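Asks: One structure follows; several queries about it will come next.
The values are calculated or read from the model by the stated rules, or taken from the named source; none is laboratory data. What you are looking at is a predicted structure, and each value in this text was computed from that prediction instead of being measured. For neighbour counting, all protein chains shown are included, and Cβ atoms are generated from backbone atoms with ideal geometry for every residue, glycine included. Ligands, DNA and RNA are stripped out before the accessible areas are found, and what is left, the full protein with its side chains, is counted by its heavy atoms. Shrake-Rupley method; radii C 1.70, N 1.55, O 1.52, S 1.80 Å.
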Amino acid sequence: MENIEVSENSAKFNFAEGEMLLIDKPLTWTSFDVVGKVRNSIKPLKLKVGHAGTLDPLATGLLIVCTGKLTKKIDSYQAEDKEYTGSITLGATTPSYDLETEIDQTFSIDHITEEMIFEAAKSFEGEIQQFPPAHSAIKINGERVYEKARRGEEVEIKSRQVRINSFLIEKIELPNVYFRISCSKGTYIRSLAYDFGKFLQSGSHLSSLRRTKSGDYRVENAWNLEQLIAEIKRHKEIIK
């Protein structure tokens with residue numbers, strides 16, 4: 001598939017040498033679902049395909065997918081800072097810290113003012129310690145933590161240091177608080193949402209999330225997944 005010429009209206013791909021694909025991950029898809037879809041679309045080529053930073057099923061936005069020789073660069077892409085937008089819903093918690101699981105506790109928000117919300121956001125900026133959610137993709141003894149959590153097993157998760165570059169409140173429509181966050185790799189926005197409620201002496205959970213940026217790459221330049229798959233199929237037809 002080297003030096004293949006395609007039509008002016010078609011993308012040029014060289015999957016074996018390596019492609020970095022910016023994809024706008026659809027809602028409810030796992031990051032592994034997206035990787036699998038790309039891998040199946042380039043068959044019969046048997047190439048490595050991987051992503052640079054997991055997005056939860058209920059998150060949308062920028063997912064960097066690499067093929068072929070470019071998979072060697074995944075760690076460097078994954079190490080870049082990220083930017084997210086989304087919403088936190090105050091007054092209720094869930095075991096997963098987002099809407100993947102049902103609400104388990106409710107809390108009053110009558111005492112919460114806008115000034116308190118801005119103060120809370122500011123308090124999380126800088127280097128912080130956070131605990132990843134029990135429903136997360138980190139591994140303990142070779143197994144994903146969320147697999148243990150879904151079986152009802154208790155897991156002991158250690159805190160980790162992450163960096164919040166900025167935590168901006170964009171809109172407040174209680175019980176929902178809309179934000180834009182820039183942060184280091186490894187930051188769990190779900191954990192941040194949970195801790196946000198605790199700071200306000202209430203409870204909260206992440207109700208929406210979209211990754212808008214990873215390093216210098218922006219979601220505005222990403223492929224719609226179905227359009228990408230259609231383009232790959234067209235590419236394969238051209239080179240037959």
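Asks: From the list L22, L45, which residue is out of contact with any Gly (no Cβ under 9 Å at 6 or more places or on another chain) and either among the polar types (S, T, N, Q) or in the same structural domain as A222 (by the TED database) (or both)? Lay out the reasoning, then the answer.
Replies: Values: L45 fails: out of contact with any Gly (no Cβ under 9 Å at 6 or more places or on another chain).
After applying the criteria, what remains is L22.
Asks: If the Cβ limit is 9 Å and pairs must be 6+ apart or interchain, which residue in the range 156-172 that is in a loop (DSSP other than H, G, I, E, B) pairs with which residue that is open to solvent by 30 Å² or more (accessible area, probe 1.4 Å)?
Replies: From the range 156-172, the pairs are E156/I140; I157/F131; I157/A134; I157/I138; I157/I140; K158/F131; S159/Q129; S159/F131.
Asks: Right, another one. So T85 ticks every box in (1) within 29 Å of I117 (Cβ to Cβ); (2) open to solvent by 40 Å² or more (accessible area, probe 1.4 Å); (3) not charged (D, E, K, R) but one. Which box is left unticked?
Replies: (2)
Asks: Right, another one. For S207, are the conditions met, namely being of a type in the set (G, A, S), closer than 21 Å to E114 by Cα and at pLDDT 95 or above?
Replies: For S207, the condition - of a type in the set (G, A, S), closer than 21 Å to E114 by Cα and at pLDDT 95 or above - is met.
Asks: Please determine whether any residue of the range 146-159 is at pLDDT 90 or above, out of contact with any Pro (no Cβ under 9 Å at 6 or more places or on another chain) and among the small types (G, A, S).
Replies: So far as the range 146-159 goes, no, none of its residues is at pLDDT 90 or above, out of contact with any Pro (no Cβ under 9 Å at 6 or more places or on another chain) and among the small types (G, A, S).
Asks: Of all residues in the range 185-218, which are in contact with an Asp or Glu (Cβ under 6 Å, 6 or more places away or on another chain), surrounded by fewer than 21 Cβ atoms within 10 Å (Cβ to Cβ) and of a type outside the set (D, E, K, R)?
Replies: Of everything in the range 185-218, those that are in contact with an Asp or Glu (Cβ under 6 Å, 6 or more places away or on another chain), surrounded by fewer than 21 Cβ atoms within 10 Å (Cβ to Cβ) and of a type outside the set (D, E, K, R) turn out to be T212, G215.
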